[in-house]
Number of protein chains: 2
Amino acid sequence: MPFTYEFPHPAVATDIAVFTLIAGDLSLLLIKRGGPPFEGSWALPGGFLAPDEDLDSCAHRELKEETGVDAELLFHFANFSAPDRDPRQRVVSIAYLALLRFDLITLKAGSDAADARWFPLASLPNLAFDHREIVDVAVRTLRERLGDLAILFALLPQSFTLTAMQDAYDAVAGAPIDKRNFRKVVFDAGLVEDTGELSRGRHRPARLYRRKQPS
Amino acid sequence: MPFTYEFPHPAVATDIAVFTLIAGDLSLLLIKRGGPPFEGSWALPGGFLAPDEDLDSCAHRELKEETGVDAELLFHFANFSAPDRDPRQRVVSIAYLALLRFDLITLKAGSDAADARWFPLASLPNLAFDHREIVDVAVRTLRERLGDLAILFALLPQSFTLTAMQDAYDAVAGAPIDKRNFRKVVFDAGLVEDTGELSRGRHRPARLYRRKQPS
DNA sequence: GCATGTTTGTGTATTGACGACACTATGTAA
DNA sequence: TTACATAGTGTCGTCAATACACAAACATGC
């Protein structure tokens, strides 16, 4: 690594693909841009790296500023660094993926955000910058990681029925999984424990489970 | 993302963990630092992002400057961004992993590098900055990706014996695999094709194979 | 040319993971 | 009490992964 760095430094920002489950649909949090460029377009939440924080902290901070919650599940998945991806100045984007329960949060429009909304993944609007590409990679990454069923807990309340857990799986995977096979895997892996309580609804009650902490 | 960026921008650099196979040992390319900080210490090759290139291009360029070759296998695997990881200035490191044949390259010490050498992974010297952590994560990532045996081709000549391919596997995995099982997987996956030629050595000749391009 | 040494090359059996597949049980509501 | 909707449950076949041992081929040295 050379001593001297003859070039201007790029800005470094985190962009966060925040997913949640709304009425059975995997949905993405988007911010309406309040100024140029792409004024009025929708974009991923995110923001610039501050001097005293690392990238993970930056992503956590930005997400908290936007949603008010500390995400259970938030991790880096790719970088986006085309020189002209932002017309104003060079910005290297460090992309993060988050999962959280939408009902825990209250969306706050930031200083430059005109609006904030959840969009079902199947009906996203046009996105600013290269954010569509970022989202595509995020969805791919999310599905790859679904082999670890524990990520579903980030989308579920503390106690939940196995049907709810499977609905979450189906929504993330984008395709349904067999009920008996799903339950077998969940039980064999020791992911959940019975709370002893039952859900009550319009039909047969279901057992309520909670996450079993790995021992 | 705010319009204005009130903070000084960090420098952005790629650091590259370059692995090769030397005499059966998985080995890592290190550069001896020619100036402070950590003068005389060994460090990963890498360098700062130029204005007209993205991060992948930066990694390719730096690797080529250092080794003279375009790596077959070069990919991003993690970011390192602790605010104080470089005592001179803030540097965000985008870490890449490369595999290549050491016999194809001639090491060139760069302007600020006093020396460049291959070190067997089992006997690395102390490293500058947080490069030891980067290397640890790189090795873990490399072993995770070994499920894809095709990465081994980056370490092998155009034609090779299956024993050589397995030796490469064993070196990367850090543990031996059963010979018959290894061959079964390689053949069943259709990774190689017979060249029709034989190696000649001190003992029974072995069939030479080449990589079969996925059709 | 024969014996020795070293490496090549080959098949089967066990186990566990994954996926396909259908019916009964239990509650609510009309 | 009947109809309806959802909860809950087991088996079988296939494939992937692993463990495991011996004969064949060539080089070398005597």
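The values are calculated or read from the model by the stated rules, or taken from the named source; none is laboratory data. Keep in mind it's a predicted model, so treat the numbers as computed, not measured. Every residue, glycine as well, gets a Cβ built from its backbone with ideal geometry; the counts of neighbours run over all protein chains shown. Only protein heavy atoms, including side chains, enter the accessible area calculation; ligands, DNA and RNA are left aside. Shrake-Rupley method; radii C 1.70, N 1.55, O 1.52, S 1.80 Å.
Structural remarks
- For chain A, the share of DSSP beta bridges that are antiparallel, to the nearest 5, is 75%.
- The range A:50-94: projected area of the alpha-carbon convex hull, averaged over directions, in nm²: 4.0
- Within a Gaussian network of chain B (alpha carbon springs, distance under 10 Å), most fluctuating of B:A138, B:A171, B:A189: B:A189
- Cα pair distances of the range A:148-211 binned at 10 Å [whole percent]: 21, 57, 21, 0
- Only helices enter the 222 nm calculation for chain A: every DSSP H run of n ≥ 4 contributes -39,500 (n - 2.57), and dividing by all residues gives -7000 deg cm²/dmol, rounded to 500.
- Percent of Cα-Cα distances greater than 28 Å, calculated over the protein assembly as shown: 59
- The smallest convex shape that holds all Cα atoms of chain A, its convex hull, gives 160 Å³ per residue.
- Max mean-square fluctuation residue, GNM over chain A, Cα-Cα springs under 10 Å, options A:I105, A:I31, A:I16: A:I105
- Counting only DSSP beta bridges whose two residues both lie in the protein assembly as shown, roughly 75 percent are antiparallel.
- Among A:A116, A:A43, A:A150: highest mean-square fluctuation, GNM of chain A, C-alpha pairs under 10 Å: A:A150
- On association of chains B and A, roughly 3400 Å² of accessible area becomes buried (total for both chains; probe 1.4 Å).
- Label spacing, shortest first and in nm, from A:P214 to its equivalents in the remaining copies (7 angstrom along Cα→Cβ): 2.8
- Accessible surface area normalised per residue over the protein assembly as shown is 49 Å², counting heavy atoms of protein chains with a 1.4 Å rolling probe.
- Distance to the B-onto-A rotation axis is smallest for one chain B Cβ; residue and value in angstrom are B:H9, 2.
- Degrees, to the nearest 10: B:55-67 long Cα axis against longest axis of chain B: 70
- For A:D148, inter-copy label distances in nm, listed shortest first [label point 7 Å out on the Cα-Cβ vector]: 1.9
- Ascending list, in nanometres, of distances separating the A:P125 label from those of the other copies (7 Å, Cα toward Cβ): 5.7
- Compared with the dominant principal axis of the Cα atoms in chain B, helix B:179-188 is inclined by about 80°.
- Cross-link reach is defined here as a Cα-Cα straight distance under 21 Å, omitting same-chain residues fewer than 8 places apart; for B:K179 the lysines meeting it are B:K212.
- In percent, rounded to a whole number, the relative contact order of chain A is 21, using alpha-carbon pairs under 8 Å and six or more apart.
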